[in-house]
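Taking it in order: structure first as structure tokens, then the write-up.
The values are calculated or read from the model by the stated rules, or taken from the named source; none is laboratory data. Because the structure is predicted, anything quoted here is derived from the model rather than measured. Positions of Cβ are backbone-derived with ideal geometry, glycine not excepted, and every protein chain shown enters the neighbour counts.
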Amino acid sequence: MFKSVASFFSLFIATLLLQLGAGLFNTYVGLHFTANSVSEIWVGAVIAAYYLGLVFGARIGHQLIIRVGHIRAFVASAAIVTVTVLIQSLVDNSWVWLACRFVAGVAMVTQFMVIESWLNEQTENRRRGRVFSYYMVFSGLGTVAGQLSITLFPSLNYEPLVFVAMSTALCLVPVALTGRTHPAVQLPAPIMIKYYLARVPMSLLAFFVTGNINGAFYALAAVYAVKAGLSSDQAAVYLAAAVAAGLAAQWPMGWLADRFNRAGLIRANAFLLLLVTIPLWGWWQFPYWALLLFSGAYGILQFTMYPLGAAFANDNVEPERRVGLSAVLLMTYGVGACIGPMVVGTLMRSVSSGMFYVFVSACAVVMIVFIHPGKVTGANRSEDAPTSFVPMPGSLQGSPAAVVLDPRVDVSRDVSRDPPQETEL
């Protein structure tokens, strides 16, 4: 264990610092905008712009890495992110913030591509799953720490943005000083939507819906908490409870996923998510401790949906096509993460703050209705199914480069760039 962490400690610390800044910023946006009576629509739009940047930035970042190399690409991207955050601390204009977050999304996904490429290049196959798990742990810890760090800034002025800028600048240090050799550049897999839509339609639906839920959570859960009567500090703990519970639940859910039908688990997860969110529609008032319990239960169900969907999809696609599958899953999730904040922000502005959880309940109903074990024919089931469950807190903070870290993916056998044969269709 300690050997795996020590081998990549500098990269793990860089990941933690990146997520620390992202977690703090996403929490700060909702609280700051609410305190200044800015519409929930703008809160959703700013976070949606960030996710949009993450989606489009994968290709842009790949070209940048090819042109200047990993270290220079990482340094340039970190500088861009830092500057965008500092601009936001100087200019209090929603349109400027919108543009800055899109640019920051493009730059940050490039940073994650560099880190993940490095981890993949220098990880032995037998240690790949362990290193991937540690990477996700540091990523989750950074997010939780970022959310909780808002409690250091009770006035919600622009001091948190300076702290975010410090985090994005400091992440340069461990990467710039690493003595590791540069990793090889991975070619991006093509997006064959039609092929994978025919093979894993329920998994793609699960990823799209989960993207909507997770994007809305990072954008507007803090707004919901404040509207429910919580202070800024309490709202930060409320969010962190969900993320921490979701991170801790990855391994118990993995135990279940390796023993029970995965389509059934997704459906059961969605049903429990529906039950947990109905009391939070705004009809009843709960004490703070009860809201924390609800948040923890919600986080367990929300943040285990992503890895369940990934495991279910990998069960029904041949190993040599899983790089392409992961690219399509990430894109589908990212599109959902862009849509969710906009829809929920509009609903919360037009109706009430309780529409946040009404939307989540509606998403859960969609999965209950359309994802059913009886619809799984097994015709496309891969020979190595059931594949191993891999912890993946669903936050789209990584990049397509993380695909090759997944122990279920064998890059040496990958044929995702080749058109599928008629027998595969």
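For this structure, a couple of remarks:
- The selection criterion, being closer than 21 Å to I213 by Cα and either among the β-branched types (V, I, T) or assigned to a helix (DSSP H, G or I) (or both), holds for V46.
- Hey, F74 aromatic (F, W, Y), at pLDDT below 90 and either within 12 Å of G105 (Cα to Cα) or surrounded by fewer than 24 Cβ atoms within 10 Å (Cβ to Cβ) (or both) or not: no
- Of the criteria (1) of a type in the set (S, T, N, Q); (2) surrounded by fewer than 24 Cβ atoms within 10 Å (Cβ to Cβ); (3) within 26 Å of V344 (Cβ to Cβ); (4) in contact with a Ser or Thr (Cβ under 9 Å, 6 or more places away or on another chain), which one S37 fails: (4)
- Sole residue being at negative phi, under 23 Å from the mean Cα position of the chain (by Cα) and either surrounded by fewer than 21 Cβ atoms within 10 Å (Cβ to Cβ) or in contact (Cβ under 8 Å) with a residue 40 or more places away in the chain (or both), chosen from V55, V91, V96, V68: V55
- Annotation note: of V46, V85, V29, the sole residue that is surrounded by 16 or more Cβ atoms within 10 Å (Cβ to Cβ), in contact with a Lys or Arg (Cβ under 7 Å, 6 or more places away or on another chain) and in contact (Cβ under 8 Å) with a residue 24 or more places away in the chain is V46.
- Of the residues L52, L31, the single one that is touching a Phe, Trp or Tyr at 6+ places or on another chain (Cβ under 8 Å) and assigned to a helix (DSSP H, G or I) is L52.
- Qualifying position, being at pLDDT 85 or above and over 22 Å from L239 (Cα atoms), among V162, V96: V96
- Hits in the range 331-354 - residues which are aliphatic (A, V, I, L, M) and either surrounded by 24 or more Cβ atoms within 10 Å (Cβ to Cβ) or not in a helix (DSSP H, G or I) (or both): A337, V344, M348, V351
- Sub-8 Å Cβ pairs linking a first residue in the range 1-23 that is over 25 Å from L161 (Cβ atoms) and among the charged types (D, E, K, R) to a second residue that is in a helix (DSSP H, G or I) and at pLDDT below 80, at least 6 apart or interchain, number zero.
- Every residue from the range 263-291 that is at pLDDT below 90 and small (G, A, S): A263, G264, G282
- Subset of the range 198-237 [surrounded by fewer than 21 Cβ atoms within 10 Å (Cβ to Cβ), assigned to a helix (DSSP H, G or I) and among the small types (G, A, S)]: A198
- Candidate set: the range 100-116, residues that are within 14 Å of A76 (Cα to Cα) and not aliphatic (A, V, I, L, M); chosen: the one modelled with the highest pLDDT: G105
- Close pairs (8 angstrom Cβ cut-off, 6 or more residues apart or separate chains): within 15 Å of V360 (Cα to Cα) in the range 295-311, modelled with pLDDT of 80 or more and part of a loop (DSSP other than H, G, I, E, B) anywhere: G299/A249; I300/A249; F303/A249; T304/A249
- Residue in the range 292-327 that is surrounded by the fewest Cβ atoms within 10 Å (Cβ to Cβ), counting only those that are modelled with pLDDT of 80 or more and touching a Phe, Trp or Tyr at 6+ places or on another chain (Cβ under 6 Å): S295
- Flag if A263 is among the small types (G, A, S) and either within 11 Å of Y298 (Cα to Cα) or touching a residue at least 60 places away in the same chain (Cβ under 8 Å) (or both): yes
- Boolean, S231 is free of Cβ contacts under 8 Å to residues at least 40 places away in the same chain, within 22 Å of S352 (Cβ to Cβ) and among the hydroxyl-bearing types (S, T, Y): yes
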